[in-house]
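Working notes, beginning with the structure itself.
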Amino acid sequence: MKSFLQSVKSKNQPIFDDQLYTKMPRKDTYESPDYYLLDELLSEEHKLIRQSVRDWVKKEVSPIIEDYAQRAEFPKHLLKGLAEIGAFGPTIPVKYGGAGLDYMSYGIIMQEIERGDSGIRSTASVQGSLVMYPIYAYGSEEQKHKYLPKLATGELMGCFGLTEPDQGSDPGGMTTNFKDAGDHYVLNGAKMWISNSPFADIAIVWAKDESGKIRGLIVERGMEGFTTPETHNKWSLRASATGELVFDNVKVPKENLLPNVTGLKGPLGCLNQARYGIAWGALGAAMDCYDTALKYSKERKQFGKAIGAFQLQQKKLAEMITEITKGQLLVWRLGVLKNENRATPAQISMSKRNSVETALNIAREARQMLGGMGITGEYPIMRHMMNLESVVTYEGTHDIHLLITGLDITGLEAFK
């Protein structure tokens, strides 16, 4: 008797064979849930931007992302498209090459991209929030005009160096440092878990000067002593490029120092931008898992009827859409506050934590609804679930964000 796999191959319908994996048909039928009619709160421009990004994700990301994730390879050819849809620094003013959009638009873009894949959204988040934003917010006019237009088009790609091998949630303990050497600085140290580092042209690096103050430096690929070894064997963000930044007596021109910020408020200000995008983005992953589970529940039959007709399955779906709706309301209000320059770091922190926790819970429930099929590359759920295990850790862990909220409401610090 032929095995299932053999029978599939004999019919020329490849499913699991590595060599034939890329031939698998992947039709993206995603429909965005909007249980509370939140579209009525968006402008026509917001909807147009969303549709443009959604169409791009369906055409360019969905058909290939499972294959790239299986091979643990970053689809670098998507960079041009990300730039074209305005995903690189969408809130940066037009005079510096950005799209000049509001923060609601930025959130919507991140949500649609992460609906496709968290790793692809990470690439865009790093470029816009962690590279372009610090140059815009803390850089000189010369730095803004030199780097921002090329970063917006993807001609230059960047990364952000804060986390170190021995310093994660406590960035103030960093040991990466630089010393004044006359007409340049000499930078030494290392950073790790850096998205985009293997292919980045520049890195925004946070290091301590000789007085112990944290400053930002723009380090360019090609500077002697600067290397970016890639991180392999990841179970999460497999379609994203992750690596290290190693600095061995790197000579950095003095004009590459970000002049307008000193201390942790520099990198933390960047993280607030990124966390805002994650708050929207993670909900995109949750919505994709929900939509997948909902459709599957109507098609998959057991005991003579669609599994969506059983009470326990309806309970799962009802809880999913409830949590998604709550998250949608949270990020929409956060977007309003961000546009009004009234969103606090603690409010952003709460939304990031809530969205990622919601997405993880929904991914796990959706995977169970699909049974064994939920672990295969035929569906996006397991990939989302693995990706979210990174998203719940980077840009502040779930527990750290809880303590940020705790500090904000009590005034009592529990970090130390």
Completion exercise
Simple spin-label estimate for residue 175/residue 364, 7 Å along Cα→Cβ, in nm, reads 3.6
Practice task
Equivalent ellipsoid semi-axes for the chain, as square roots of 5 times the alpha carbon gyration tensor eigenvalues: give them largest first, rounded to whole Å.
Solution key: 38, 24, 20
Problem - Within the stretch 168-284: Cβ-based charge dipole about Cα centre, in debye rounded to nearest 20 (Lys, Arg +1; Asp, Glu -1) - result: 400
Problem - Dipole axis of the chain (+1 Lys, Arg; -1 Asp, Glu on Cβ), positive-most option in 320, 369, 110 - result: 369
Handout entry: Cross-link table 27/326; 265/316; 80/298; 27/80; 59/326; 234/301, entries beyond 32 Å C-alpha to C-alpha
Key = 265/316; 80/298; 234/301
Problem - Within-12-Å neighbourhood charge of residue 132 [Cβ basis; K, R +1; D, E -1] - result: +2
Practice task
Mind checking the full-extension length gain between residue 140 and residue 319? Use 0.36 nm per residue of separation minus the Cα-Cα distance, one decimal, nm.
Solution key: 59.6 nm
Completion exercise
Charge dipole of the chain built from unit charges on the beta carbon (Lys, Arg +1; Asp, Glu -1), centred at mean Cα; most positive-end Cα among 237, 269, 69 is 69
Problem - Globularity ratio of the stretch 178-222, using Cα Rg and 2.2 N^0.38 Å - result: 1.22
Exercise for the section: Set the Förster distance to 41 Å, then compute FRET efficiency between residue 28 and residue 220 from the Cβ-Cβ distance, nearest 0.05. Expected result: 0.60
Fill in the blank from the handout: the chain: relative contact order from alpha carbon pairs under 8 Å, six or more residues apart, as a whole percent, is 16
Fill in the blank from the handout: Charge tally for neighbours of residue 165 with beta carbon under 10 Å away, counting Lys, Arg as +1 and Asp, Glu as -1, is -2
Problem - Estimated FRET transfer efficiency (residue 64, residue 234; beta-carbon r; R0 25 Å; 0.05) - result: 0.85
Completion exercise
FRET efficiency (residue 305, residue 403; Cβ distance; R0 35 Å; to 0.05) is 0.15
Completion exercise
For the stretch 73-204, averaging the sequence separation of alpha carbon pairs under 8 Å that lie six or more residues apart and dividing by its residue count, the contact order in percent is 23
Practice task
Give the order of 67, 183, 166 when sorted by the count of other beta carbons within 10 angstrom, beginning with the fewest.
Solution key: 183, 166, 67
Fill in the blank from the handout: Taking 0.36 nm per residue of separation between residue 211 and residue 94 and subtracting their Cα-Cα distance, the length gained on full extension comes to 38.4 nm
Completion exercise
In debye to the nearest 20, the charge dipole size for the chain, taken about the Cα centre with +1 at each Lys and Arg Cβ and -1 at each Asp and Glu Cβ, equals 1160
Practice task
Only Cα pairs under 8 Å and at least 6 apart count here; give the relative contact order of the stretch 344-394 as a rounded whole percent.
Solution key: 36
Practice task
Bin width 5 Å, alpha-carbon pairs only: give the P(r) of the stretch 265-410 as whole percents, running from 0 to the bin holding the largest distance.
Solution key: 2, 10, 19, 19, 17, 12, 9, 6, 4, 2, 1, 0, 0
Problem - the stretch 24-153: projected area of the alpha-carbon convex hull, averaged over directions, in nm² - result: 8.7
Completion exercise
Where a ≥ b ≥ c are root eigenvalues of the Cα gyration tensor, a/c under 1.5 meaning rounded, otherwise prolate if a/b exceeds b/c and oblate otherwise, the stretch 158-256 counts as oblate
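Every read-out reported here was derived from the displayed coordinates using simple, explicitly stated rules and does not represent laboratory data. In this text, all values refer to a predicted model and were calculated from it rather than measured experimentally. No Cβ is skipped: glycine too gets one built from the backbone with ideal geometry, and neighbour counts run over all protein chains shown.
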